[in-house]
1. Does anyone have the angle between helix 84-106 and the longest principal axis of the chain? Alpha-carbon axes, 0 to 90°, nearest 10?
2. For the range 266-276, take each phi angle, set θ = phi - 60°, evaluate the Karplus expression 6.51 cos²θ - 1.76 cosθ + 1.60, and give the result in whole Hz per residue in order, putting x for glycine and proline.
3. Along the positive direction of the dipole of the chain (beta-carbon charges: Lys, Arg +1; Asp, Glu -1; about the Cα centre), which of Leu256, Tyr142, Thr201 reaches farthest?
4. Using the basic label-point model (7 angstrom from Cα toward the beta carbon), what is the Thr144 to Phe25 distance in nanometres?
5. If you rank His288, His130 by fewest surrounding Cβ atoms within 10 Å, what's the result?
6. Starting from the Cα of Lys8, draw a straight line to each of the lysines and keep only those under 26 Å, dropping any in the same chain fewer than 8 residues away.
7. Compute the acute angle (0 to 90°) between the alpha-carbon long axis of helix 241-254 and the principal axis of greatest extent of the alpha-carbon atoms of the chain; round to the nearest 10°.
8. How far, in degrees from 0 to 90, does helix 111-131 lean away from the longest principal axis of the Cα atoms of the chain, to the nearest 10?
Amino acid sequence: MNPNDNSKLAFMTAVFGLLAAFPLFGGSFGIDLVTKMMLYAILALSLELLVGGSGLVCFGQAAFFGIGAYAAVLLSPQNESASLLWLLPASVAAAAVYALAVGALSLRTKGVYFIMVTLAFAQMAYFVVHDTPLGGGTDGIYLTMKPGIAGLLELEQPLVMYGFTLGCLVAVFLFLSVLLRSRFGRALAGIRVNEQRMKATGFSTYPYKLAAFTISGAIAGLAGFLFGVMDGFVNPEMMSWHLSGAVLVMIILGGLGHLRGALIGAFAYALLQEFFKSEAIWGAFAKHWHLGLGLTIIAAVALLPRGLVGLPSEIKSRLTGRLSGSSAEGEA
């Protein structure tokens, strides 16, 4: 393991260790906020597999997220708590099946056409739950009894929900780390860099892209399941294109091509959102929080083209440049 890998491992160990310790000093509001940040980080990781890992810019990730959430609510019994052992896999499978169908069709297109087709499929899912009784229309539907495992895991309790979400985040991060280092992951990297060259070497790229698209949809479904269970309520806005755009901003803000960048971007985006929404800080301007958030993201992308994950190396290179410049002046 090279020093760079050691530093990445140390960083992620510190991050997950801090998240594990957070309930010891975080209040109820903090626990609720960080739980939402972690599930959005899972959603960001799902898109990072496509955009950073495969070069596929998908604008329909919210559809898979929403399907996972709706499946959790629709499949739950009304008068009793569903078992997490079957409800979680069923919700993830529902999102994965839709991702498989969408990917099978949309991956036959490229570039901006691929973006528009994924957006179209996401809007189709949005209008199904928005305009039909299936998803409760614009009012949404409530989860009357949260799932769990009798005697072992009760997601009704905020601390248990926090711990379970953290466990899912760690599992997804480790899974994607192993996946991207495998032969499959190297094939995806080759497709991202030059798909035509991969085809020339004998690779059939379509199955690889379809598998990545399906896995990405399944992970987004897991994030949606967690969101539906945590809030106990789902509505069509979960499938809105605004969410797909926000997740894309998260991974760009954090730094494309890095799993830890997706984590950093998701947490940074959520913290910036809370910061600009705060009336205690901004007063009446807080209702225009989109403006402040947008300007901050534009500034961050302009100043840090590699994202927040590249901030340490950017600082190091500038300090090294200044030191070398000072040394040259001294010698002169």
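Since every read-out is calculated from the coordinates, none of them should be taken as a lab result. Because the structure is predicted, anything quoted here is derived from the model rather than measured. All Cβ positions, glycine included, derive from the backbone under ideal geometry; neighbour counts span all protein chains shown.
1. 70
2. Karplus-based 3J(HN,Hα) across the range 266-276 equals 5, 5, 5, 4, 5, 5, 5, 4, 5, 4, 6 Hz.
3. The residue sitting most towards the positive pole is Thr201.
4. 4.3
5. Details: His288 11, His130 19.
Ascending Cβ contact count within 10 Å gives the list His288, His130.
6. Result set, ordered by chain and number: Lys36, Lys316.
7. Helix 241-254 and the main axis of the chain meet at about 30 degrees.
8. 30
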